[in-house]
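K.L.:
Quick one: this structure, given as structure tokens, is what I'll be asking you about.
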Amino acid sequence: MFTPKERARLRSDLIEFARQDARIAAGALTGSASADREDQWSDIDLAFGLADVAEMPNVLSDWTARMYERHSAVHHFDVKAGAWIYRVFLLASTLQVDLAFVPAAEFGALAPTFRLLFGQANDPGHAPPQPTGDLIGMGLLYALHARSSIARGRVWQAELMISCLRDNALALACIRHELPAAHGRGFDQLPGAVIAQFEDSLVRSLEPVQLADAFRAAARAFSSEIEHTDPQLAKRLEPILASLIAISQ
């Protein structure tokens, strides 16, 4: 397990390396550290703007080699969002290091957690939350597959579908309360009364009866969030969700 001092030392090394890399025009601290909310579990989040987009492959290659050779990386993968490439590294110490690269012309804050370290940043362009219509649509699919998985005796698939249904409903609740909806970041900040309606939706065993109980609780919570989000759509979907709940009795 890494220590906060080790994390701070590595972050300082990466920032200094970026300042010396002529291909990088700007750098920023992102994530919890940028908002002074780090704890012992926090990872490292840095973002960099490249002076020449044609250098992206070389920059990624050089930085990746450095992470393995100097900082004991054991694995990495990429997450892409628009022009951004987030190269995520896992270190032997269990520390996660997220290094984001983008052309300088598009370098700027995508979220409130952004602190410019050097260079220039464009005006903030915070990414909008996932459209509620998409969350509702996927939630309906999860509900349908949860019902069929339970009926078919596919208990592990049922557990996954129920959990996905619950998570989509929680994401809707986060958007309603103006909290971060992605990756569960806002779940623990929801009001107690909201969270309470989801407690019975936790799958506590793979017994068919328990799966059905958890599914009904998740479906009811999902239906409630649709009503808060889009009352007219809720009226159209209510017969479908009611029939799914009834079938699982």
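K.L.:
Between Ala111 and Asp98, what is 0.36 nm times their sequence separation minus the Cα-Cα distance? Round to one decimal in nm.
P.N.:
Gain on stretching Ala111 to Asp98: 3.2 nm.
K.L.:
Enumerate the residues in segment 10-31 having an amide nitrogen under 13 Å from the point lying 7 Å beyond the Cα of Gln120 toward its Cβ.
P.N.:
Counting only backbone N, you get 25-26.
K.L.:
Right, something else. Could you please rank Val194, Val59, Val79, placing first whichever residue has the fewest other Cβ atoms within 10 Å of its Cβ? Don't jump to the answer; show the numbers that get you there.
P.N.:
Details: Val194 18, Val59 22, Val79 11.
Placing the least packed residue first, the sequence is Val79, Val194, Val59.
K.L.:
May I pose another question? Considering only Ala181, Ser205, Thr229, whose Cα is most displaced toward the positive end of the charge dipole of segment 132-247, charges sitting on Cβ of Lys, Arg (+1) and Asp, Glu (-1)?
P.N.:
It is Ser205, whose Cα lies furthest towards the positive end.
K.L.:
Now for a different question. Please order Met1, Met161 by the number of other Cβ within 10 Å, starting at the fewest.
P.N.:
On the way: Met1 8, Met161 25.
Listed from fewest to most nearby Cβ atoms, that is Met1, Met161.
K.L.:
Would you be so kind as to identify all helices of the chain, as entire DSSP H runs, whose Cα atoms reach 20 Å or more along the helix's own axis and whose mean Kyte-Doolittle hydropathy is at least 0.0? Mind showing how you got there, number by number?
P.N.:
Details: long enough: 4-20 (24 Å, -1.16); 56-71 (21 Å, -0.90); 132-152 (30 Å, 0.52); 155-176 (32 Å, 0.81); 208-229 (31 Å, -0.05); 231-247 (24 Å, 0.86).
Membrane-span-like by this criterion, though nothing is claimed about a membrane: 132-152, 155-176, 231-247.
K.L.:
Dipole size in debye (nearest 20) for the chain around its Cα centre, Lys and Arg Cβ +1, Asp and Glu Cβ -1?
P.N.:
About 440 debye.
K.L.:
Could you list Lys235, Lys80 in order of exposure, starting from the residue whose Cβ has the fewest other Cβ atoms within 10 Å? Please report the intermediate quantities before stating the final value.
P.N.:
Details: Lys235 11, Lys80 8.
So the ranking, lowest neighbour count to highest, is Lys80, Lys235.
K.L.:
Continuing with the same structure: Hey, can you rank 94-100, 24-30 by average C-beta count inside 10 Å, highest first? Walk me through the intermediate numbers first.
P.N.:
Details: 94-100: 18.1, 24-30: 20.9.
Peptide ranking by packing, descending: 24-30, 94-100.
K.L.:
Counting only DSSP beta bridges with both residues in segment 4-118, what percent are antiparallel, rounded to the nearest 5? Intermediate values should be presented prior to the final figure.
P.N.:
Values: 23 of 30 bridges.
The answer is about 75 percent antiparallel.
Coordinate-derived values only; no laboratory data. As the structure is a prediction and not an experimental result, all values here were calculated from the model. Ideal geometry is used to build each Cβ from the backbone, glycine not excepted, and the neighbour counts take in all protein chains shown.
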